[in-house]
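Note sheet for the following structure.
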Amino acid sequence: MPGVVTRLRGRRAVIRIACAVVVAVFLGGCDRLAPTRVTIPADSAASEIGFRLSPRASAMLVSAYVNGTGPVDLIVDTGATITCLDDSLARELNLPRRTGAVGVGAGVGMAGPVRLLKVDSLRLGAAVATNLTVCSLDLRTLQYVSPAARGLLGLNFLKEFRVNIDFTRRVMQLTKP
């Protein structure tokens, strides 16, 4: 039974972290969340990104390149306001702080500041967003969802595209709206 208790605690921790990102991130100017520019080739096949499901099929994982480094596995989180990277990945990439913006995460039973960082480029397949604001959090509890996950792909990236998810072929298609 101890293993069951550990797994339940882990799931609760994942839910709390997800809620912290999902519910709110307040900035001094919401336009700072959106990338400066997004590009995608006209060829629709180039915009197809393969995804895989986490071990328990509870999340979609995509491989991304952050500032040209990768692949980095991110969980597609349509409920997250902002893309977030694990603190350890942010340190590895030496991402600079986003100046002039303050982030606050609020969720079930928790609230507090989050570090906002600047990513020069985030690429999924052929789709690229430049000058993107991301948050940095301790996301170690994502390991309960997928051991490879290093962050959450949030709405500030996804909302720039028309997103079509084909579970049969396991591809996510990103096209211009």
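The values are calculated or read from the model by the stated rules, or taken from the named source; none is laboratory data. The shown structure was predicted, so the numbers you read here are calculated from the model rather than taken from an experiment. Heads up, the Cβs are rebuilt from the backbone with ideal geometry, glycines too, and the neighbour counts pull from every protein chain shown.
Among residues belonging to the stretch 115-127 that are in contact with a Cys (Cβ under 9 Å, 6 or more places away or on another chain) and either closer than 23 Å to Leu61 by Cα or at pLDDT 90 or above (or both), point out the one that is surrounded by the fewest Cβ atoms within 10 Å (Cβ to Cβ). Break it down stepwise before answering.
Residues of the stretch 115-127 in contact with a Cys (Cβ under 9 Å, 6 or more places away or on another chain): 115-117.
Now restrict to residues that are either closer than 23 Å to Leu61 by Cα or at pLDDT 90 or above (or both): 116-117.
Values: Leu116: 23, Leu117: 20.
Looking at the filtered set, the residue picked out is Leu117.
How about the stretch 130-150: which of its residues are over 13 Å from Val66 (Cα atoms), in a loop (DSSP other than H, G, I, E, B) and either touching a helix residue (DSSP H, G or I) at 6+ places or on another chain (Cβ under 9 Å) or aromatic (Phe, Trp, Tyr) (or both)?
Asp138, Leu139, Val145, Ala149
If you check Asp87 against the conditions, is it over 11 Å from the mean Cα position of the chain (by Cα) and among the charged types (D, E, K, R)? Step through it out loud before you land on a result.
Values: over 11 Å from the mean Cα position of the chain (by Cα): yes; among the charged types (D, E, K, R): yes.
So Asp87 fits the description; yes.
If you go through the stretch 43-79 one residue at a time, how many are under 17 Å from Ala129 (Cα atoms), modelled with pLDDT under 90 and part of a loop (DSSP other than H, G, I, E, B)?
Selection size over the stretch 43-79: 1.
Starting from residues that are modelled with pLDDT of 70 or more and buried (at least 17 other Cβ atoms within 10 Å of the Cβ), keep the ones in the stretch 94-114 and report whichever is farthest from Gly151 (Cα to Cα).
From the stretch 94-114, those modelled with pLDDT of 70 or more are 94-99, 113-114; that's our starting set.
From the residues that got through so far, the ones that are buried (at least 17 other Cβ atoms within 10 Å of the Cβ) too are 95, 98, 114.
Numbers: Leu95: 14, Arg98: 18, Val114: 14 Å.
Taking the candidates together, the pick is Arg98.
With the requirement that a residue be closer than 26 Å to Lys176 by Cβ and small (Gly, Ala, Ser), what does the stretch 116-161 give you?
Ser121, Gly125, Ala126, Ala127, Ala129, Gly151, Gly154
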